[in-house]
Structure formats: C-alpha cells, structure tokens
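Remarks on the structure that follows.
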Amino acid sequence: MQSAPENNCLDPNALFKEIRGLIISARRTVVRNIDTIQVITNFEIGRRIVEYEQKGEKRAEYGKALIEKLADKLTKEFGKGFSVTNLKLMRQFYLMYAGRIGQTVSGQLLSDSKSQTLSDQTQNKLTPLSWSHYVFLMGLKDADERNFYEIEAGQQNWSLREMERQFNAGFYERLALSRSKGEIKKLAKEGHVVTKPQDLLKEPYVLEFLGLDEKAGYSESDMEHALIDKLGQFLLELGKGFLFEARQKRFTFDEDHFFVDLVFYNRLLKCYVLIDLKIGKLTHQDLGQMQMYVNYFDRYLKTKK
C-alpha cells in the first residue's frame, strides 16, 4: 500500500504556474482566431462593396454615396467600426489582396456546419496579423516593402507597435542597401532569411528605444546599462536567432584579464557574436583588441558541434 505524498512534496506555486500558462495560451489562441475572423470578414465586406459598385454606375460620386449610406446603416446597428473611413479601408484591402486570398470564404463565416476552421482554410494565403497591422501595411506604397514587413511581422510575432518601430527605423531599407535587385525581390517574398553572417548586418543599428536623455556625453557603461534594461527590444533590433549569454564576460589570456561588454550566441549561424561598446573614434588598437577577443572565443570557447 502506497502512502500519501507528504505536504512538502506538493508545490502550489508550480500548479499555479502550470494553470496560468494554460490560460494565457488559450487566451492568445482566442485572440489570434478573433483577429483572423475580423480580417477575413473585412475582406469579404470590401469584396461585396467592389462587386456592387461594378454592377452600378461607374462614377466616383456613386461609390462615395454608397459607402456613406452603408456606414450610416451599419453604425446604427453594430456601433463603431463601420465608419466611412473604415469601409474605404475594407474596400482597399480587398483590391490589394484579392489575388492572394482568392475565392470567398463567406459561406464558412455564415455556416456553423463546416468543421474546417477559417484559419486552416486561409493559413497559406494570409499572414495571421490583426486588422490594425493590415491598416498600417496598406499605407506603404512600395509593394516589396509592404510584403517584407507583413512576412516579418508574422514570423517574428511583432505587435503593431513593434512593426511601426521597425518601419520607422528603416529596417527594410537598411537590409536592401547591401543587396542586389534580385536579393531585394527575395526579401519581399521570403522576409529576412539568415544563411550567412553578412545577412545579419544592418547599417546602421537604430537604438532610439533606449530613451537616453540629452546630455553632453555618455560613457560606454551608460550605454551598456541602457541596452541591458531594454534587452528584449535590443534583441529584436539585432535580428533573428540571437540569444543573450553574458555581460562583462571575463576571460584570461597570457595572464591578463579581459572583459567583453556583451556576448550573444546566434542559433541560426551557430556562432558567438561579441559586442564591445566604444564611444568616439574607433582606433587600430580597438580593432586589434576585438580581433583578439574573436580569436580567443574561436579557439577556446566555441564547440565543434
């Protein structure tokens, strides 16, 4: 006969964490499904507006009056979200994405009898972003740039705020500067794919999120502390595959002690990435010291696998 477990073997905190994780995961799934349904519903509203316009008079005044009447009726019944501006955005969304999304999914939206989920039907045709993401994307005139940010936002799970930050920091332009026309087209189709060390580089890195106050000068230590405080955003700015390992990493070489400001590991390239912060002009001595750091990590710390 087995005895009951002692009370000290039970960990209420562990149970709480497990249940908390379950609830958070479920809520995220619900939010993603809601976002997808909203996006597809807005696409369908835009489709119907366009098709109705095509059957009517081909005049701008006709389309304007139609949307104004629709906005008035829909707002009275369903509340905000169906203003003239929003309906125009839905129309624009259909015109921009009709070729990719393809046939209507309205039957599924209106029927409870179909077992296949909406996300299953459209997962290969539309990036799972919120309507707010798509409203922002529609404001980008360059189709390649728009496709790039859509892919990256979906792959990296960017919030709208993060996508706007990456755009304002010129992420696409910084990557495109060092690429040929063919490689730029590849960015638009596949996003930022890392296959070699050069693919990681942005020129320059933009660290406006540090929020440093204006003053005459900063020390390297000031920047290091600010970067660590904003580590999550800094990792996003660095790019894909970066993992933080250490700050002020100490090692000994020829009986002298050295400290690397920031040490990262990139899981895609399977290599260390060392960052030594410098304020002011870069000297040959700085470059020589950095090369020594790289040589030491390559020889003594890097594993064969």
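The values are calculated or read from the model by the stated rules, or taken from the named source; none is laboratory data. The model shown is predicted, which means the values in this text are computed figures rather than measured ones. Methodologically, a virtual Cβ is constructed for each residue, glycine included, from the backbone with ideal geometry; neighbour enumeration extends over all protein chains shown.
Out of the stretch 275-302, which residues are over 18 Å from F244 (Cβ atoms) and either of a type in the set (S, T, Y) or in contact with a strand residue (DSSP E or B) (Cβ under 6 Å, 6 or more places away or on another chain) (or both)? Spell out how you get there, then give the answer.
As a first pass, look at the stretch 275-302 and keep what is over 18 Å from F244 (Cβ atoms): 278-292, 294-296, 298-300.
Hits for the stretch 275-302 are T283, Y296, Y300.
Here is a yes/no grid of residues against (1) at pLDDT below 75; (2) surrounded by 12 or more Cβ atoms within 10 Å (Cβ to Cβ):
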| site | (1), (2) |
| --- | --- |
| R146 | no, yes |
| E162 | no, yes |
| F167 | no, yes |
| L187 | yes, yes |
| G191 | yes, yes |
| V194 | yes, yes |
| D199 | yes, yes |
| P204 | yes, no |
